[in-house]
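To start, the structure itself, in structure tokens.
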Amino acid sequence: LEKETVWLSLDQMTVLFDRDKSVISRHIHNVFQEKELDKNSVVAKSATTAADGKIYQVVYYNLDLIISIGYRVKSQNGVKFRIWASRVLKQYLIQGYVINEKRLLETQNKFRELQDVIMFLQKQSQKELLIGQRAEILSLLADYS
């Protein structure tokens, strides 16, 4: 995850959707030809060093393009993607929101860890180990919690 999106190479998309490079490439070409997405907004190039020591330019495509390919590709993984995407979209349209339970649990765990740190520092500050700094530290931590 980078800049609120996901980036995959052509090779990674072939694995994700279980289709040949030629099929994925054709769908990518059609997305741009039909002006569904702007190439400059969804494509990034990155230099990668291969096992042989040579440097290659690898093209990466962002989540917008990956989703578009998911709606076009005919494979079992494409079908699974469309079922999942339709379920999420339906929840959003009916409920007005969708909850990603996995990310919510991860966030809750991080919040609990932060609370534990705050409790520890509060106990330590009561023991006068952080004389003169406890108010600033607790204030700073409270701002982040």
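General observations
- Within the stretch 45-68, tally of residues that are of a type in the set (G, A, S) and at pLDDT 95 or above: 1
- Count of residues meeting criterion [without any contact (Cβ under 8 Å) to a residue 60 or more places away in the chain, part of a helix (DSSP H, G or I) and not aromatic (F, W, Y)] in the stretch 1-56: 22
- Residue within the stretch 72-89 that is more than 22 Å from L16 (Cβ to Cβ) and either exposed (fewer than 11 other Cβ atoms within 10 Å of the Cβ) or not small (G, A, S) (or both) present: no
- Looking at V42, V98, V88, just one residue is touching a helix residue (DSSP H, G or I) at 6+ places or on another chain (Cβ under 8 Å), at pLDDT below 95 and not small (G, A, S), and that residue is V98.
- In the condition set (1) in a helix (DSSP H, G or I); (2) in contact with a strand residue (DSSP E or B) (Cβ under 9 Å, 6 or more places away or on another chain), Y61 is compliant with all but (1).
- I24 vs. criteria within 20 Å of the chain's Cα centre (by Cα), closer than 15 Å to F81 by Cβ and in the same structural domain as F81 (by TED's automatic domain parsing): no
- Unmet requirement for I83, which otherwise passes all of (1) aliphatic (A, V, I, L, M); (2) at pLDDT below 90; (3) over 19 Å from the mean Cα position of the chain (by Cα): (2)
The values are calculated or read from the model by the stated rules, or taken from the named source; none is laboratory data. Predicted model, so just to flag it, every value in this text is computed and none were measured. Every residue, glycine as well, gets a Cβ built from its backbone with ideal geometry; the counts of neighbours run over all protein chains shown.
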